[in-house]
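The values are calculated or read from the model by the stated rules, or taken from the named source; none is laboratory data. Being a predicted model, the structure only gives us computed values, none of them experimental. Ideal geometry is used to build each Cβ from the backbone, glycine not excepted, and the neighbour counts take in all protein chains shown. All accessible areas refer to the heavy atoms of the entire protein, side chains included, with ligands and DNA or RNA removed. Shrake-Rupley method; radii C 1.70, N 1.55, O 1.52, S 1.80 Å.
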Amino acid sequence: MKRIWTAGVCWAVLVILLAGCAGSDARITQIATIDSLLAGVYDGSATIGALKQYGTLGIGTLDKLDGEMLMLDGVVYQIRADGNVYLPGDDQTTPFAAVVDFRPEKVVELPEPVSLGVLLDRLDRQAPNRNGMVAIHLRGEFRRMRTRSVPAQQKPYRPLVEVTRHQPEFELGRISGDLVGFRLPAYVKGINVPGWHLHFISAGRQQGGHVLDFELDSGRLELAEIYDFRMILPRESDAFAAADLSVDRAGELHEAESAQVE
Ligand SMILES: [Zn+2]
């Protein structure tokens, strides 16, 4: 019990408030919806150049579902299914992404090892308003990191849940790097991913992907609560117009965002 108490005190003491707890005036801008992606609307509808106008930090995917996207400090990275990291040009496009002009309000030092689950519980305590939105950037040393990516698709597009049944997964072992992502509230169901959704890129910018699991050794976390959100929908996409977005895809989402069970 004493160890737990000590860790709790360390955690509390090391939280640094940068700008109060009221939430920044930053805005999350999202391209299309998670359910349109689940339905197989993989053709990009917004350019990477446009994303950079909307924010400096974010996650998503690329045209044709060609890998995982991560934006950090205004730089967009593409982690493709071959496990390598590419820098997409501003004229490349995305069918689904969310970005924010990230201005951290809290910095949390994480001096001790924690699992993914324990870390997320602690972060929830830092942002207790479960109906608000949260963006994070964590730079850390990881004892192990498990990610996945998705391969570029050809028409006719299969639903996302079928693609991710054969997703390449990467055990990255001991590695340093950056986690980026959001915690979004339950009511975004159908629009984005409720709960935590994180992507990773290594410090050397050579590996990464959609985060499945990790153990953190130590790190430094930056967090901002967000209370402004907008969507930019595909304007000239027949596929988007025709997608059936009336069905409940929560089960598909859970499977598509998780690790392979086979
Ligand atoms: Zn993802």
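Restricting to the range 83-108, name every residue that is open to solvent by 60 Å² or more (accessible area, probe 1.4 Å), touching a residue at least 60 places away in the same chain (Cβ under 8 Å) and in a strand (DSSP E or B).
none
Of the residues Arg165, Arg183, which single one is over 19 Å from the mean Cα position of the chain (by Cα) and within 28 Å of Val85 (Cα to Cα)?
Arg165
Regarding Ser258, is this residue in contact (Cβ under 8 Å) with a residue 40 or more places away in the chain, within 16 Å of the ligand (Cβ to nearest atom) and among the hydroxyl-bearing types (Ser, Thr, Tyr)?
Answer is yes for this residue.
Check Arg80 against each of (1) within 30 Å of Val247 (Cα to Cα); (2) in contact (Cβ under 8 Å) with a residue 40 or more places away in the chain; (3) open to solvent by 10 Å² or more (accessible area, probe 1.4 Å); (4) away from the ligand (no atom under 15 Å from the Cβ) and name the one condition it does not meet.
Arg80 satisfies every listed condition except (4).
Would you point out which residue out of Thr61, Thr29 is within 15 Å of the ligand (Cβ to nearest atom), of a type in the set (S, T, N, Q) and modelled with pLDDT of 95 or more?
The conditions single out Thr61.
How about the range 202-232: which of its residues are over 11 Å from the mean Cα position of the chain (by Cα), open to solvent by less than 10 Å² (accessible area, probe 1.4 Å) and either within 16 Å of the ligand (Cβ to nearest atom) or without any contact (Cβ under 8 Å) to a residue 12 or more places away in the chain (or both)?
Gly208, Phe214
Given Thr147, Thr164, which one is out of contact with any strand residue (DSSP E or B) (no Cβ under 7 Å at 6 or more places or on another chain), in contact (Cβ under 8 Å) with a residue 60 or more places away in the chain and open to solvent by less than 60 Å² (accessible area, probe 1.4 Å)?
Thr164
Could you list, in sequence order, all residues of the range 116-140 that are out of contact with any Phe, Trp or Tyr (no Cβ under 8 Å at 6 or more places or on another chain), within 29 Å of Arg165 (Cα to Cα) and in contact (Cβ under 8 Å) with a residue 60 or more places away in the chain?
Listed by number, the residues that qualify are Leu119, Leu138.
Could you count how many residues in the range 169-194 are among the polar types (S, T, N, Q) and surrounded by 16 or more Cβ atoms within 10 Å (Cβ to Cβ)?
Matching residues across the range 169-194 total 1.
Whether any residue in the range 26-36 is within 21 Å of Arg158 (Cβ to Cβ), in contact with a Lys or Arg (Cβ under 9 Å, 6 or more places away or on another chain) and part of a loop (DSSP other than H, G, I, E, B) is what I want to check.
Checking the range 26-36: not a single residue is within 21 Å of Arg158 (Cβ to Cβ), in contact with a Lys or Arg (Cβ under 9 Å, 6 or more places away or on another chain) and part of a loop (DSSP other than H, G, I, E, B).
Being away from the ligand (no atom under 16 Å from the Cβ), touching a strand residue (DSSP E or B) at 6+ places or on another chain (Cβ under 8 Å) and farther than 25 Å from Asp217 by Cβ is true for just one of Asp66, Asp73, Asp91. Which residue is that?
Asp91
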